[in-house]
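Written below as structure tokens is the structure these notes are about.
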Amino acid sequence: MSGDGFLGYSTSFMLDFVVCALVLIVPVLVYSLWQAKFGRQFSLHRRLQTGLGLVLLVAVAAFEVDLQLVQGGWQKVMAKQDLSAEALQRKVADVRPVLLIHLVFAVSTPVLWAVTLVLALWKFPRPPVPGAHSRLHRVLGWASSVDVTLTSVTGLLFYYVAFVR
């Protein structure tokens with residue numbers, strides 16, 4: 001886990017893995033929403049959303065363990081780059097605001113998604129069909145979708161600013 005990443009930058013395996021997940025999650029999310037809204041495939045939507053939630057929970061947990069406990073934090077991963085101490089200090093200062101914006105979405109997304117998912121699993125029958133909870137579910141679902149998309153975009157921006165540029 002502590003070696004260089006597989007995308008060709010001085011990162012970690014888990015950092016690169018999460019970046020790939022950030023790229024893949026939005027198309028799967030869009031497909032799931034399409035299936036619910038236009039295909040009326042509510043069972044497929046439920047399975048996809050539950051699967052995405054579980055995969056992301058495991059991936060983020062493994063990522064945090066790797067980043068915080070194994071790597072010693074994002075600044076230590078950045079220090080793998082061939083930069084002078086002064087250049088690294090400037091780069092860390094440039095990255096910090098991007099990371100803070102990302103963290104707003106990265107922290108709110110699992111909370112919002114969990115609320116959306118738990119309420120849906122609790123309120124919708126099996127197999128799922130539209131009902132009294134549908135209106136709130138649409139609002140929570142769209143908020144969760146926007147939040148996870150912004151998490152992905154800002155996470156990719158963080159990766160670019162910290163490790164690619």
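The values are calculated or read from the model by the stated rules, or taken from the named source; none is laboratory data. Fair warning: this is a prediction, and the values are worked out from it, not measured in the lab. All Cβ positions, even for glycine, are placed from backbone atoms using ideal geometry, and neighbour counts span all protein chains on display.
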**Conditions (1) within 23 Å of residue 51 (Cα to Cα); (2) crowded, with 16+ Cβ neighbours inside 10 Å; (3) modelled with pLDDT of 95 or more; number of the one not met by residue 106** = (3)
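For the range 109-125, which positions are free of Cβ contacts under 8 Å to residues at least 12 places away in the same chain and either surrounded by 12 or more Cβ atoms within 10 Å (Cβ to Cβ) or within 14 Å of the chain's Cα centre (by Cα) (or both)? Can you show your working first?
Going residue by residue through the range 109-125, those that are free of Cβ contacts under 8 Å to residues at least 12 places away in the same chain are 111, 118, 122, 125.
The answer is 111, and nothing else.
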**Asked** Which condition number in (1) within 30 Å of residue 138 (Cα to Cα); (2) of a type in the set (Gly, Ala, Ser); (3) loosely packed, with under 14 Cβ neighbours inside 10 Å is the one that residue 73 fails?
**Response** (1)
**Message:** So residue 128 passes all but one of these: (1) in a helix (DSSP H, G or I); (2) surrounded by 15 or more Cβ atoms within 10 Å (Cβ to Cβ); (3) modelled with pLDDT of 90 or more. Which condition number does it fail?
**Reply:** (1)
**Request:** Please identify the pairs in which a residue from the range 37-63 that is over 18 Å from residue 130 (Cβ atoms) has its Cβ atom under 7 Å from the Cβ atom of a residue that is basic (Lys, Arg) and surrounded by 18 or more Cβ atoms within 10 Å (Cβ to Cβ), counting only partners at least 6 apart or on another chain.
**Result:** none
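From the list 140, 150, which residue is at pLDDT 95 or above, closer than 16 Å to residue 56 by Cα and not β-branched (Val, Ile, Thr)?
Working: 140 fails: closer than 16 Å to residue 56 by Cα.
When all the criteria are applied, what remains is 150.
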**Message:** Pull out all pairs, ordered by first then second residue, where Cβ-Cβ is under 8 Å, the residues are six or more apart or on different chains, the first lies in the range 75-98 and is of a type in the set (Gly, Ala, Ser), and the second is surrounded by 12 or more Cβ atoms within 10 Å (Cβ to Cβ).
**Reply:** 79/88
**Asked** Could you list, in sequence order, the residues of the range 80-101 that are touching a Leu at 6+ places or on another chain (Cβ under 7 Å) and at pLDDT 95 or above?
**Response** 98
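Checking the condition under 26 Å from residue 157 (Cβ atoms) and within 20 Å of the chain's Cα centre (by Cα), which residue from 67, 83 passes?
Details: 83 fails: within 20 Å of the chain's Cα centre (by Cα).
None of the others qualify; the one that does is 67.
Yes or no: residue 32 surrounded by fewer than 18 Cβ atoms within 10 Å (Cβ to Cβ), more than 17 Å from residue 151 (Cα to Cα) and polar (S, T, N, Q)?
For residue 32, the condition - surrounded by fewer than 18 Cβ atoms within 10 Å (Cβ to Cβ), more than 17 Å from residue 151 (Cα to Cα) and polar (S, T, N, Q) - is not met.
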